[in-house]
């Protein structure tokens, strides 16, 4: 498993239900190999402008992501997921998109 991959994982939703959803692996977290990941959603209206990203058919990496439809990469929907809970590799995003997303997260966590 590598950063930039899109996999399936059970995630707790806002309503408390656990649902298997696509997640984007952002980084492996030492020392146990868990992954820091963010959820993907087809609910594009939930986009936080300037923070989240939409990946769709017009994007060069949409075909390698192997998503069924345009999806929202929700950077604030973060979690640490044990590798044993990551299933079925769907695809992957481009290195440039991954770098851009990680930069957004790093900037967000920097003190003002």
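A few notes on this one:
- Relative contact order for the range 5-109, counting Cα pairs under 8 Å that sit 6 or more residues apart, in percent: 31 percent
- Largest first, the extents of the alpha carbon coordinates of the chain on the three principal axes equal 38, 36, 30 Å.
A short reminder: the numbers here are calculations on the coordinates, not readings from a lab. Being a predicted model, the structure only gives us computed values, none of them experimental.
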